[in-house]
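Before any comments, here is the structure.
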Amino acid sequence: MAIELTQSYKLANQLYDVSLKADVLVIGGGPSGAWAAITATQNGASVILVDKGYCGTSGATAPSGSGVWYIQPDKEKREEAMNSREALGGYLSERKWMKRVLDRTYENMNQLEKWGYPFPVDENGVAHKRSLQGPEYMRLMRRKLNKAKITILDHSPALELLYDSHGVAGAAGINEQTSQTWSVQASSIVIASGGCAFLSKALGCNVLTGDGYLLASEAGADFSGMEFSNAYAITPKFSSITKTAFYNWASFTYEDGSIIEGAGSQRGRSVIAKKLQEGQKVFAQLVKVKDDLDLQKWMRIAQPNFFVQFDRMGINPFEDRFEVTLRLEGTVRGTGGIRIVDETCATSVPGLFAAGDAATREMICGGFTGGGSYNAAWAISSGYWSGEAAAKYASSFNRDKRDRALTRRHVIGINEHSIGKDFLDAAEVTKRVQAEVTPFEKNLFRTEEILTPSLLRLNSLWNESKTSLQENQGNLLRVRESVAMLATSRWMYTTALERRETRGMHKRLDYPVLDENQHYRLITSGLDEIKVKPTTLYQNT
């Protein structure tokens, strides 16, 4: 009787059901991945894009509306836009990068209009391009990918990178619908698989588990800004929709209706967290818009899904109070990610590029959340630059050497042989990671006294996973996701312990003020042994 081989065994022994080749492989089908793939094709490369879900519907953008950091090329307006961010971000953003992103976003948003995106038009015929609706946006990008004849592998998560004597040379994974294994040989790779929200059920974020971080680190890449990874979003308690920007117009109250002093969207989320920690209920009402019907109308046009949740519950958020909570968004709306080393969005690994939320966004956001318009602009810009550079790299490197012997490295969770009966399950790893990163008292209000034992537990879990974690009844994707979340949590807390100050969204109760002597980036590297070192800002190099 034939023995059915597990996906893990087939990958470990490089028994691929499907083998493909391209100049450029893009991992991730959100906005940044789509921009990277289209731009690489425009620069003459053949491209394959793989997505964990269905490209065009998966990820944080697809089900939502998002503002875009689209500013007219007006010197004063752009100066104001940059100024507004610098203090919030602890002065870690850089004007050179902000200007580049503003320029590229302006060009690409205008390109979207030419491609047919239906921007709303006012009574004077002027199109408003400061927001995008995820479904229309990603549907358009999918059409553009198809028109460019880019091969798309849907439901096909990349689970490991492949290598040859020159370095990264492709990736391998599985198809979640057919259970087949696949490999793609490529001369350059763009990781655009998003950040890590630790399966917190924030809308669109449950496919974002730090998979790209893990792939990059296994290849030798490092990270920047991983201490700025503790984004918690305000959300109605009955919903997963996180659109914190609208709570700038909210008042926050106790159950008896009295005002919670200091609670707010940008600077008052810590106050809300403390009240929730105390076991108190927190209510919100968009009362500051109560009498402004024009603004209410604009809000409904800009973020229609924000109001769907209320309409279905029979709640008028301008008139009625509703209970809220905070939901962890981790690095998705934090700013940390894979370090990029130059203006092409290259990583420290030759041939490997990063874009969107997978890459650090410190250059434009500093240490404060990149959620919303900044992340959207960064996805557009970094996707464009990484795709352009990946195509050029592939062209110069391997145009006439398409047949390469691909090898793999041993990675946690993909095992050639069964480990035994006492294996560690992915669900258990995920549960233990969430227990360390979700509570406010650990991840939001940080102290050395709390972070150190938490990190020790995570490190212990890492060592346990190296020998005991394995596929169980076809859950290899969940295994690799749990490894990625575990690794991400260790990078976060190791780095958070090294920044002994409060800067941006990184709050240290034992170091409560900003320290000018720590005006630098923290670079984090390593898997088994994690190292953190300071480095100067790009503009100072």
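Rounded to whole Hz and in sequence order, give me ³J(HN,Hα) for the stretch 517-534 from the Karplus expression 6.51 cos²θ - 1.76 cosθ + 1.60, θ = phi - 60°, writing x for Gly and Pro.
Per residue, the Karplus-derived 3J(HN,Hα) values read 6, 10, 7, 8, 8, 10, 9, 10, 9, x, 10, 6, 10, 9, 10, 10, 9, x Hz.
Separation of the stretch 72-96 and the stretch 205-235 by C-alpha centroid, Å?
After rounding, the separation between the Cα centres reads 25 Å.
Determine how many Å³ per residue the convex hull of the Cα atoms of the stretch 124-228 encloses.
Per residue, the Cα convex hull of the stretch 124-228 comes to 184 Å³.
Could you tell me which of rounded, prolate or oblate describes the stretch 336-440, using a ≥ b ≥ c as the square roots of the eigenvalues of the alpha-carbon gyration tensor, with rounded for a/c under 1.5 and, failing that, prolate when a/b is larger than b/c and oblate otherwise?
Oblate shape, in that a/c is at least 1.5 and b/c is the bigger or equal ratio.
Would you mind calculating the relative contact order of the chain from Cα pairs under 8 angstrom and at least 6 residues apart, reporting the percent as a whole number?
Relative contact order, the chain: 22 percent.
How large is log10 of I(q)/I(0) for the chain at q = 0.06, 0.09, 0.10 Å⁻¹ when the intensity is taken from the Debye formula with one equal scatterer per alpha-carbon?
At q = 0.06, 0.09, 0.10 Å⁻¹ the computed log10 ratios are -0.27, -0.63, -0.78.
If the cut-off is a Cα-Cα distance under 27 Å, which lysines reach Lys281, setting aside same-chain residues fewer than 8 apart in sequence?
The qualifying lysines are Lys201, Lys237, Lys243, Lys290, Lys431, Lys442, Lys507.
For the stretch 479-536, with every protein chain kept in place, what is the accessible area per residue (1.4 Å probe, Å²)?
38 Å²
Which three lengths, in whole Å and largest first, does the stretch 461-541 cover when its Cα atoms are put on their principal axes?
Cα extents, longest axis first: 52, 31, 19 Å.
Per DSSP H run of at least 4 residues, take -39500 (n - 2.57); add these up for the chain, divide by its residues and hand me the 222 nm value, nearest 500 deg cm²/dmol.
Mean residue ellipticity, 222 nm, calculated: -11500 deg cm²/dmol.
Against the longest alpha carbon principal axis of the chain, how many degrees, from 0 to 90 and to the nearest 10, is the axis of helix 293-302 turned?
Roughly 0 degrees, rounded to the nearest 10.
Starting from the amide H of Gly170, placed 1.01 Å from N in the peptide plane, find each other amide H under 5 Å away whose residue is 5 or more places distant or on another chain.
Leu162, Ala186
Amide H neighbours of Thr325 under 5 Å, counting only residues 5+ apart in sequence or on other chains, H built in-plane at 1.01 Å?
Excluding prolines and chain starts, which carry no amide H, the hits are Thr235, Lys237.
Provide the per-residue ³J(HN,Hα) series for the stretch 267-273, in order, calculated from phi with Karplus coefficients 6.51, -1.76, 1.60 and θ = phi - 60°, each as a whole number of Hz, with x at glycine and proline positions.
Each residue's phi maps through the Karplus curve to give 10, x, 5, 5, 5, 4, 4 Hz.
With no solvent and one equal point scatterer per Cα, compute the Debye intensity ratio I(q)/I(0) for the stretch 1-68 at 0.15, 0.20, 0.29 Å⁻¹ and report its log10, rounded to two decimals.
-0.67, -0.89, -1.18
Which whole-Hz couplings ³J(HN,Hα) result when phi for each residue of the stretch 251-265 is put into the Karplus expression 6.51 cos²θ - 1.76 cosθ + 1.60, θ = phi - 60°, listed in order with x for Gly and Pro?
Residue by residue, the stretch 251-265 yields 10, 10, 9, 6, 4, 7, x, 6, 5, 8, 5, x, 5, x, 7 Hz.
The values are calculated or read from the model by the stated rules, or taken from the named source; none is laboratory data. Since the structure is predicted, the reported quantities are computational estimates derived from the model, not experimental observations. Surface areas here come from the heavy atoms of the whole protein model, side chains and all, with no ligands, DNA or RNA. Shrake-Rupley method; radii C 1.70, N 1.55, O 1.52, S 1.80 Å.
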